[in-house]
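This report refers to the structure that appears directly beneath it.
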Amino acid sequence: MKLILLGAPGAGKGTQAQVISETLSIPAISTGNIIREALKSGSEVGKKAKSYMDAGKLVPDEVVIEIIKHRLEEDDCKNGFILDGFPRTIAQAEALDRMGIEIDRVIDIEVPDEKITQRLSGRRVCESCGSSYHVVYKKPAIEEVCDVCSGTLIQRKDDHPDTIRERLMVYHDQTEPLKSYYEKKGKLFIVEGQEEVADTTRLTLAALED
Ligand code: AP5
Ligand code: ZN
């Protein structure tokens, strides 16, 4: 199964990608996570991306397309994959088509902007392993400590209110047009993402079975 998860920042793409990845035994590939790792390691890609990411803007297409091209050539992608956060522009979707990759389904997780703001402002992530938590919806067993690796939980720089607003604007402007791009290809499935994590998971897995 070759799957794309679409949706606003904070819609729950990363949360659902993790569950689907475990259920279907295919890798979840997040361009956001790859770029954050590149940043931590001090690589050229990380340096190029930092100012865009911190400001809530999209990293230039050519940088992200190059990252995804290399990642999809790895062995673990042979039996399928979940793309979380890519493509995010029409140019990226066209680049994916040019790579000769036939996507099976595109799941769009729909959540209204007000709820997105609540989710992102309460999100905390582990600075060591990247696991995601929420101060209300997904608390760790010990405050500010990761359940998985005991690392420290921090707030992402782009989860501050002004940057969240910018990210939502960028989403509506540049990423939302992908819905009609994939609808025209007959690949789009819309999933309600406002309720509990488990409800969204149920709807997403059902959309994969049809
Ligand atoms: P990226 O890391 O991809 O961020 P994003 O798309 O903005 O998505 P998020 O990770 O913020 O949200 P999510 O939908 O995964 O939600 P999550 O599951 O964590 O990208 C960051 C930046 O990198 C971009 O701004 C850009 O600069 C750059 N970038 C990345 N890809 C790019 C590309 N292709 N092109 C150009 N630039 C790119 O959930 C959010 C919170 O809500 C969590 O706390 C979670 O616990 C909670 N939650 C989830 N589901 C529920 C639920 N059902 N109920 C209650 N709480 C929930
Ligand atoms: Zn951790």
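The values are calculated or read from the model by the stated rules, or taken from the named source; none is laboratory data. Owing to the predicted nature of the structure, the values given are computational and were not obtained by experimental measurement. All Cβ positions, glycine included, derive from the backbone under ideal geometry; neighbour counts span all protein chains shown. All accessible areas refer to the heavy atoms of the entire protein, side chains included, with ligands and DNA or RNA removed. Shrake-Rupley method; radii C 1.70, N 1.55, O 1.52, S 1.80 Å.
Quick check: anything in the stretch 10-28 assigned to a loop (DSSP other than H, G, I, E, B), in contact with a helix residue (DSSP H, G or I) (Cβ under 9 Å, 6 or more places away or on another chain), in contact (Cβ under 8 Å) with a residue 40 or more places away in the chain and on the phi > 0 side of the Ramachandran plot? Yes, because at least one residue in the stretch 10-28 is assigned to a loop (DSSP other than H, G, I, E, B), in contact with a helix residue (DSSP H, G or I) (Cβ under 9 Å, 6 or more places away or on another chain), in contact (Cβ under 8 Å) with a residue 40 or more places away in the chain and on the phi > 0 side of the Ramachandran plot.
Among the residues of the stretch 1-51, those that are of a type in the set (S, T, N, Q) and over 17 Å from Gly85 (Cα atoms) comprise Thr23, Ser25, Ser41, Ser43, Ser51. Tally the residues that are of a type outside the set (Asp, Glu), part of a helix (DSSP H, G or I) and open to solvent by 80 Å² or more (accessible area, probe 1.4 Å), restricting the search to the stretch 55-74. Matching residues across the stretch 55-74 total 2.
Once the stretch 21-54 is narrowed to residues that are in contact with a Ser or Thr (Cβ under 8 Å, 6 or more places away or on another chain) and either of a type in the set (Lys, Arg) or at pLDDT 95 or above (or both), the residue that is surrounded by the fewest Cβ atoms within 10 Å (Cβ to Cβ) is Pro27.
Looking across the stretch 146-164, the residues that are within 12 Å of ligand 2 (Cβ to nearest atom) and touching a Pro at 6+ places or on another chain (Cβ under 8 Å) come down to Cys146, Asp147, Leu153.
In this structure, does Val197 turn out to be near ligand 1 (Cβ under 8 Å from one of its atoms) and either over 29 Å from Ala93 (Cα atoms) or hydrophobic (A, V, I, L, M, F, W, C) (or both)? Taking the combined requirement at face value, the residue satisfies it. Scan the stretch 159-210 for residues that are part of a loop (DSSP other than H, G, I, E, B) and either open to solvent by less than 70 Å² (accessible area, probe 1.4 Å) or of a type in the set (Asp, Glu) (or both) and the total you get is 8. In the stretch 128-145, is there at least one residue being touching a residue at least 60 places away in the same chain (Cβ under 8 Å), more than 14 Å from ligand 2 (Cβ to nearest atom), under 20 Å from the mean Cα position of the chain (by Cα) and under 14 Å from Pro9 (Cα atoms)? No. Looking at the stretch 114-121, can you tell me whether even one residue there is out of contact with any Pro (no Cβ under 7 Å at 6 or more places or on another chain) and either open to solvent by less than 20 Å² (accessible area, probe 1.4 Å) or at positive phi (or both)? Among the residues of the stretch 114-121, not one is out of contact with any Pro (no Cβ under 7 Å at 6 or more places or on another chain) and either open to solvent by less than 20 Å² (accessible area, probe 1.4 Å) or at positive phi (or both), which makes the answer no. Check Asp61, Asp54, Asp97, Asp108 and return the single one that is without any contact (Cβ under 8 Å) to a residue 24 or more places away in the chain, out of contact with any Cys (no Cβ under 8 Å at 6 or more places or on another chain) and within 27 Å of His172 (Cβ to Cβ). Of Asp61, Asp54, Asp97, Asp108, the one residue that is without any contact (Cβ under 8 Å) to a residue 24 or more places away in the chain, out of contact with any Cys (no Cβ under 8 Å at 6 or more places or on another chain) and within 27 Å of His172 (Cβ to Cβ) is Asp97.
On the given criteria, is Thr15 of a type in the set (Val, Ile, Thr) and within 7 Å of ligand 1 (Cβ to nearest atom)? The answer is yes for Thr15.
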